[in-house]
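For reference, the structure discussed in these notes is given below.
The numbers here are math on the coordinates, done by the rules we state, and not lab data. None of these values were measured; they are calculated from a predicted model. Here the Cβ positions follow ideal geometry from the backbone for every residue, glycine too, while neighbour counts run over all protein chains shown.
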Amino acid sequence: MTEVRLTVNGRGYDIVCDAGDEERLQTLAREIDRRVAQLAGSVGQIGDARLLLMAGLLVADELAEAKNEVSRAQGERTREDLARGEIVADAIEKLAQRIEALAARLEAA
């Protein structure tokens with residue numbers, strides 16, 4: 001475990017993380033800091049807790065929307081896969097019928 005110092009809204013926070021995760025946490029903290037700065041610019045310095053909560057809610061909202069988009073895309077893909085499967089099944093059925101017809105003609109000959 002290693003400790004990393006993150007700064008959001010001018011305030012430092014010491015966070016413990018796995019070795020090697022420091023850069024990722026710094027990047028995430030910069031994104032939160034950017035969002036908090038935008039919020040502070042529009043609503044003022046209403047306190048770290050409120051600004052962090054609002055930034056967290058914005059991130060959570062974006063995450064929920066992204067999850068919904070993924071679910072919709074997976075649903076569309078599933079419907080497309082089912083349609084393709086039906087087309088393939090129909091083609092196999094027609095082939096089987098032709099093979100059976102050929103086999104019947106060969107037996108009759």
- Could you tell me how many degrees, from 0 to 90 and to the nearest 10, lie between the Cα long axis of helix 22-43 and the main elongation axis, the longest principal axis, of the Cα atoms of the chain? 70
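If r is the Cβ-Cβ distance from GLU62 to ASP14 and R0 is 25 Å, what FRET efficiency results, to the nearest 0.05? Please report the intermediate quantities before stating the final value.
Numbers: r = 27 Å, r/R0 = 1.08.
In this case the efficiency is close to 0.40.
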- Note on the structure: CD proxy, 222 nm, the chain: helix-only mean residue ellipticity via -39,500 (n - 2.57) per DSSP H run with n ≥ 4, per residue, nearest 500, stands at -28000 deg cm²/dmol
- Taking only the alpha carbons of the chain, the radius of gyration and the largest Cα-Cα distance, Dmax, both in angstrom, are 29.1, 93
- Pulled fully out, how much extra length does the chain show between ALA91 and ASP48, if you take 0.36 nm times their separation in residues and subtract their Cα-Cα distance? 9.1 nm
- Query: How far is helix 48-108 tilted, in degrees, relative to the longest principal axis of the Cα atoms in the chain, given as a value from 0 to 90 rounded to the nearest 10?
  - Reply: 10
